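Okay, structure first, notes after.
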Amino acid sequence: LGHSVTTGVVSAPRRRLALDAGEVGVFIQTDALINPGNSGGPLLDINGELIGINTAIARQAQGIGFSTPASVAQRIVRELMTHGRIRPAYVGLLPANVAQVMTRSRGSGGVLVTEVEKDSPAELAGIALADVILAMDGIAVESPHEYLQLMRSYPPGSRLKVQLLRGAEEFETTLKIARIPEGYLNDYCRRMFGFTVRSDGGSLLIDEIVPRSGAAEVGLFKGDRVLEVAGIKVATLKTFEAALAPLLGEIPVTFLVARGNHGYYIELPQ
């Protein structure tokens, strides 16, 4: 057969699905038939406008397909065509799940801001500690994973509207996403995980252990070798930063560390 077109309706414009490693993705759900091999094809509205890129089907049921929203795909394609890679975004805040006591009092949803870095894009936008992020560019966020996934689709230089809750008051601000500052990632590693690294020939060595930090508690020592970050092999400061950059705000992170001839995996922070 040559080209084919199937029709259907959008059952849910923002269906949340569990992905690998506990992450959650937001997709367009449709009952238009998506056959194996159709991934990457367009999902069009009644006017022929692109609204999504066909991505997956539900194996346990017929007639349920999922598409990546076109707005997300367009940002990623534009970034790849311009820079050849997805440049990590930096906003300078740490997200966390909203406490159950808060969701009982005001309803579910939102991401709690647990840290705002000085002079960061988040601080410049007026975001403060203990604010709750409700939505970004009109898309509701209900978990740190959803926040991080959505944030990764915006390249440096993007501006987006962020809806927040502070106390009982809702407000909106504009957040400008920046590039990761020079030397930031090693400092981030120190604050979040309790150690810094340095290149030494063909190895990446732990250079400092922060007392009473997560790294100290799991028994890391200065001079231990870091071999992997979240399954990605690292041997220099440059490769370490490249592996860590997409994980900003994501915890815990798994490291493969070696001492002598013995290697072991650790998760930080614990």
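Just so you know, all these numbers are worked out from the coordinates, no wet-lab data involved. These numbers come from a predicted model, not from an experiment. Reconstructed Cβ throughout: ideal geometry from the backbone, glycine too, with neighbour counts over all protein chains shown.
Shape of region 10-83 from the C-alpha gyration tensor: oblate (a/c of 1.5 or more and a/b not above b/c, with a ≥ b ≥ c the square roots of its eigenvalues).
In a reduced charge model with +1 at each Lys and Arg Cβ and -1 at each Asp and Glu Cβ, the chain shows a dipole moment near 280 debye about its Cα centre. By the compact-protein rule of thumb, 2.2 N^0.38 Å, the alpha-carbon radius of gyration of the chain corresponds to a ratio of 1.14. With both labels modelled 7 Å from their Cα along Cα-to-Cβ, the Arg78 to Asp200 distance reads 4.5 nm.
Relative contact order of the chain: 11 percent, from C-alpha pairs under 8 Å at least 6 residues apart in sequence.
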